[in-house]
Each structure stands twice: as structure tokens, then as C-alpha cells.
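The values are calculated or read from the model by the stated rules, or taken from the named source; none is laboratory data. This structure is a prediction, so every number in the text was calculated from the model and none was measured. Here the Cβ positions follow ideal geometry from the backbone for every residue, glycine too, while neighbour counts run over all protein chains shown.
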């Protein structure tokens, strides 16, 4: 399932570009060669625009202008994010033929960093769902098993990276939409703290929960891309720096870690991910309560965005999206009022936990990728399960990283990738990446 | 209909107290003598507590401790506001026998200012409505016509002042609940800017719209009480101070005034109030849109407060309250999301208007007091009509004053009072009182 970029790091690509062993134009050609249409990762390839941008990137590098680690690097962008002159389709019949007039803020940031936009990747319709198989463009397929879900909603971004078509992709994450497909496809996905990468020019799902994030093969590539976009990393001391070094429970070389017990999880997934943090004491958080907060906010804000479309042209939605929107429209206002109050309470509670631990660790997904079209698995209805471990970190706006954590046997044979999720304080993002480095060595 | 305090000002009472012509204890006795039970203004009279507080006030004054204009002045407090040791009944069967353990913040402020709390006044059940006739304690009656509504929800506070039982009362105002009964009963009512008098210890109706306010016979008494509670007045220059004095439209001796056209109003009410501002140019605001914002916020927040009571003991509500709460519970969350965004837009729009005018003038109520039990009048359903001109200023949190504006002939004979409403910028409260002084001379 490997494409040209499989096994290549952003740092390695950057070295090749600067050594003249590779050119940005050459990399664009590699992308176009690597696209596996059957996986349905891309909805738009912009060969012409990418070649022009690549030529410019090459000329700049040749003339001594170096924009940093993303200079000349091909990047794919989720199809709910505007790229000027390209269609933004939202995975929906509602946006057939719609062409963006301006770049989204994150696209401007990519271009300023020298990245080369190669095209738009498939998204769950309006980013409203984590399965990756509900879109006017059809299901995005998991490269590890083409009958399996890619996960979503940044489905195509994850698959394009996982299959080696691009070394980096941009996605959005409202309840897990960067981390879910990253875990299902065996790559890394990073949702920064809320607002760190601005969401202007991104079609909103739920404004106060929407995050822009990055997807790459490894956590280190996420780190490189993240800092290329948002500025240099600040090294943050872990809680160990202030300790006597006596070795408390949960101390790992990279910081003090708590294992957050997942409420419902495939036992093999839990065992594998837990084994990565053998010394971490178990802690519990109120996943059920946080889910209620998440739903009240997401549903209320999502229906605000869609109310007129639902009233005027319901038939242009995929049936599954329309059904969820109708549910969303019925979320009562008083539950939103309560959710916003509860959110503050949970934020305090988790801040207390993050005073005692540098990192909270848990599986990203409680299950490996289900089959395309599934709505229920052994553990329960899929819609809720898909965001069960990821959405609390959207509610709280905390930085959350999903890293590949090996594979588990799939029912029916073969192996499917799983992910470990790490969460930390706002501002302590560097601890996530340091931890990830230790996990993968 | 006059009681002992009819025609007496806070300033005059203060003079009498300091000259030894009157004592705080004597004033408490006057209150107890003046109470007209048939009007149903008070739900609790605290003779013992009031006498003790009055004795203390007298002793302080005698010993040279002078707490200012409210020192020794009897005050009535709305029965959704906690006074330690007294019942807080909320006008509801749900709170039968409930006794408050601590003073509300505004009650502490009253006591610090030397005021003597004489008792608790009747409120619309849970302050949820402007008619004044929905309460476990029965209708509060309008002293101008006992078959008419007092208005609400600070019904008893307005009636106690209007009938001269007390010189001052405290109420709350979420959509007009200080100003509505003030206008219906022919007194003045002031809703300060949001948060100026803290609402801690007040049973919430809709936290982000709830305001604590003062009711007195005249605007000047409201001014005296307001500053006694919140600190000395700051004189604010009107827009005229910066003008060449050429006399623009809307210039009155006290500032530049806009007439805000009421969307639906009894013609005689409109004519009388309009005549107070002959030179003010007409402006329009989006009352209908502001009403949608008001409802979305009030309903969502109110049902959050009541959800468990509605589920567990619906029968303890008055039927009208329960019906409104059930409506409130159905307000969708997406409408609240939209309302909060719209509120920001309206705030900008009205700020623009208040850059050009010192004061916005309009009737307080579009009608004089309807008959008790009415739910519909010629202009439409009463629930909406009662807050039509007052609630925008809760949504925007702006200072709003209702001043007596004479009377209009009632259907069926007699005359009924009406009110003029003045609104200004936060911080420019002094302009309201200066204007009111000019209007009443």
C-alpha cells in the first residue's frame, strides 16, 4: 500500500530538496503518480496550480529564499477548507460546483511556509461524522483494508498520507476528525489547542469546537509541520523537572503520565495501548458527562449553520447527514445553557488533573476501523463510539495527539492499525512530541 | 389610594429623620399602618425584624453614624430575593415554607446603606411573566383600579410604593419586571446596567438577562436610592456639551433625544408620551428581531433553572407558569446560538444610535394596565405585548428608566397611569435622571 512518500520524513524531504536530489516540481509529479483513485482520497487534484507553486518554490530555494521545513513540500487540504480557485465541495450535493474565492487562513499559512497545495481531500459530508463513508463523493477507503472505513471526517487527508500519496495533509477536528482517521489509518494526527491555527475560511461544523490540525506519517512530522505553521517550538519543562527525581508513579523519561481509563474499549486495543505506559497510574474522567456537553454544543452550533439548508433542500444531503441534522435541530436550548456551565466545571477538573500530570494517555479509538457502512459494532452504536475518547479534548480545547500504536488482529483476518492518544496543557505541546518520540523508539 | 408615604420624597424623609421630626421606628409603624391587605402587595411583613433594624438605625443616627440617604428608610423587597430569616416564596407552591439562610447581595447593600427591610412583596411566580396576576398568593391589585393588573413580575414592590405603603422597594427585571409594574401603577422604576447591582441571592429567571432595580414614586427617588446603593453619581456630559449649540433636531435642555417608534401601541399612549419629546426625531429599531433574541435566551436559561422541577412536580406550578415553562423547554439550542450572535450585532447597532443620541425615548408599556386575568388585548396576546418595549434593554444590558407620564382614559371609565421609558449608554445614567427631572417639571 506504500506510495512514493511512504517512509519519508519531512526532514528527509527537506534535506533532499536543499541538496538538489529532489525538486518541488519533481515531488508534485510523484504525488500525481502516487494517487490511487480506488482509495478515493482526493476529490480534486490541482496539477496545474501545484506545478506553478512548485516552480516558484524551486526558484525561491535556488535564489536563496528558504521558507523553512515545508518549503516545496506537497500538501493535501481537506475539502471543507477554502483554497482560492479550487472547488470546496464539503462532501455534499449542496456545494456542487462551488469554487472558493479566497484561501482559508490555514492555507495562507501553508503558502507562507512554502508548501505546495496539490489538491483537496475527501471529507465526511460537512465534516459531520467520524466514519468517512458518508459523502456525495462516496466512501473514502482504508488503505489497510479497502472494505474498512477510513474514519473521518478528515478521511481523504488521512488516507492520502497513510498511502504515501503526500507527506502531509491538513484536516479539521470538531470531535476527533483529525485523530479518528489518523488512528484508523495508522498515521499521526495532531489537533492543536483551540484557535492556535485559525479556522477562518473553514466551513464551520461547530465554531466553538472546530480545530484545524495536521496529519502526517509520524508525530515528529506533525511537530515539524505544526511549528512551521505556528512558529518555533518552546521547550516546556515537564513536572519531573521540579521533582526530586525519586520516581513517582506515572514517571516516564518524558514526563509524568496518567492513564485515562476508557469507558468502553476493545480489550485488545486497550491492552496494547496501555502497555505503552506501564508505569502510569489509572485515572478516571467523566466521559459520559463530557459527551453530553459535546453533543449540546455541537448539535446546537451545527444546526445554526444548516437550518436554512435543511428547510429548503433537505434532499441534497446524504440521508445519514440529514438524520443527524434533524436530531441536532431538536437539541433544546436549556441543554446548551447547562452544557456551557458544565464545560467550565470540567475544564477546572481536568486542569487539576493536569497540575498533577504532564500527559493524559488513552487509546485514540476504542476499536479498529469497522467495515464501510457499519452503524453498530459490538460495543454499541458507532456514531457515539467514534468520538467517545476524542471529543472531550475538543470541549476543553486542549492539545491532543494521536500516534500510531501498532496493529491488532482484525475480525476476519489481517491486522488493523490503532492509535494512542496523548493530551496535555495548552502551551505544553512540546511534551506531546517528546513523549511520542519515546513511544515509537 | 394614598398611604403615609404618598407625596413624600426620600430626601424629605431623610431631612425629617435627621431633624428628629421622625424616627426610623416611627416610619416602620407607619408602614404597618399603611398596608392595604386587599391590594395584596406584601406576602411577608417582618414587624419584629424591621423594628429591631429601625431601633439600630435610630441609635446610629443619634450617635452620629450617618449611612446616607437610605439610613432609617423602610424598604420592601421582592419575594424572589433572599432576606436572611424570612421566607422566600417565589410566588410558587414549590417554595412553600422555604426560609432564606442569608441575605442576597442587594439586601446586604441595603442594610449597609442603613435601610430597614420591612417585608417581602408579591412576585409573579418565579418572576416568569409581566402581568402580576399569576402567583400562589393570588393577583396583586393595581391601586388605580383594583380589577386591573398591577403588572409584574415585581408586582408587590410597585404596588407598595404606588399606594404609599413604603417610599422605596427593590425588584428584579429580566424583560421589564421593574418597569412594567412601575408604568402600570404610575411610579418610577429603574433598571440599572446589567450587573451594576449584583444578582447573587436572587432566584434566577434568566441569568444573563436578570437585573436588580429600584422602584420609587419619582425618578429622583430612584436616583437617590440607586446612588445610595452603588456609590456617588458621576455627572456625564451630554452630546450637547460637545456641539456648537446650534440646536440640532432632538436637542432638549438635557441632551439629544431620539424617539423610538413603538411597533404596536395604543394611539393615546403613544400620543401622550411622544408629546413629552416634541423635538426628538423618530428612529426605528428592530423590535421583532430583538424579541427573538430575548426569547431564545430567556427561555433557554429559564428552563435550565426549572427542568428538574417541571419533570418531578409540574402540578406545583400555576397552570400559566407551567405552560410557559413547557414552551421554554422546547426552545431549540440552535436558536440560542443564533440569538447570542445576533445580540452582538444589535449591541453594535444600538451603540451606533447612542453615539448620535444621549437618550432613546419611548413608552414603557404600549397599553395601560389590562384587567386581571386577561391574556389577550386589542393589540394582541398579552405575554408578548407586556415586554415588547422593555425587553430589548435587558438583551443589551443598558440602563433604562420608566417615569410616570400622566394618565389615559381607561375603557370603561376612569384614568390609568402610563410611563415614559428612557434608555442611555452604560455609564451615562445621570442623563436619565436629569431628563426625568425636566419631564416632570
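The table for this structure:
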| read-out | value |
| --- | --- |
| Condition check for residue B:343: assigned to a helix (DSSP H, G or I), within 23 Å of the chain's Cα centre (by Cα), surrounded by 15 or more Cβ atoms within 10 Å (Cβ to Cβ) and within 14 Å of another protein chain (Cβ to nearest Cβ) | yes |
| The stretch B:171-209: number of residues that are within 11 Å of the chain's Cα centre (by Cα) and assigned to a loop (DSSP other than H, G, I, E, B) | 7 |
| Total residues in the stretch A:247-273, condition without any contact (Cβ under 8 Å) to a residue 40 or more places away in the chain and crowded, with 17+ Cβ neighbours inside 10 Å | 1 |
| Which listed residue is buried (at least 24 other Cβ atoms within 10 Å of the Cβ) and at pLDDT 95 or above, from B:382, B:386 | B:386 |
| Considering residues of the stretch B:142-170 that are out of contact with any strand residue (DSSP E or B) (no Cβ under 8 Å at 6 or more places or on another chain) and in a loop (DSSP other than H, G, I, E, B) only, the residue surrounded by the fewest Cβ atoms within 10 Å (Cβ to Cβ) | B:164 |
| Conditions (1) farther than 26 Å from residue A:423 by Cα; (2) surrounded by fewer than 23 Cβ atoms within 10 Å (Cβ to Cβ); (3) within 14 Å of chain B (Cβ to nearest Cβ); (4) without any contact (Cβ under 8 Å) to a residue 24 or more places away in the chain: number failed by residue A:377 | (3) |
| Residues within the stretch A:87-111 that are loosely packed, with under 15 Cβ neighbours inside 10 Å and either assigned to a strand (DSSP E or B) or touching a helix residue (DSSP H, G or I) at 6+ places or on another chain (Cβ under 6 Å) (or both), tallied | 1 |
| Filter result (within 24 Å of residue B:131 (Cβ to Cβ) and within 14 Å of chain A (Cβ to nearest Cβ)) within the stretch B:308-336 | B:309, B:310, B:324, B:325, B:326, B:327, B:328, B:329, B:330, B:331 |
| Pairs where the first residue, in the stretch B:396-414, is more than 29 Å from residue B:294 (Cβ to Cβ) and the second is surrounded by fewer than 16 Cβ atoms within 10 Å (Cβ to Cβ), C-beta under 7 Å, 6+ apart | B:409/B:415 |
| Among residues of the stretch B:387-405, those that are outside any loop (DSSP other than H, G, I, E, B) and touching a helix residue (DSSP H, G or I) at 6+ places or on another chain (Cβ under 6 Å), counted | 7 |
| Complete set of residues in the stretch B:407-424 that are surrounded by 15 or more Cβ atoms within 10 Å (Cβ to Cβ) and out of contact with any helix residue (DSSP H, G or I) (no Cβ under 6 Å at 6 or more places or on another chain) | B:407, B:410, B:416, B:417, B:421 |
| Residue match in the stretch A:422-434 (condition: within 28 Å of residue A:230 (Cα to Cα), part of a strand (DSSP E or B) and touching a residue at least 24 places away in the same chain (Cβ under 8 Å)) | yes |
| Residue that is nearest to residue A:292 (Cα to Cα) [pool: residues in the stretch A:346-370 that are touching a helix residue (DSSP H, G or I) at 6+ places or on another chain (Cβ under 8 Å) and surrounded by fewer than 20 Cβ atoms within 10 Å (Cβ to Cβ)] | A:346 |
| Checking residue B:303 against (1) within 10 Å of another protein chain (Cβ to nearest Cβ); (2) in a loop (DSSP other than H, G, I, E, B), the condition it does not meet | (2) |
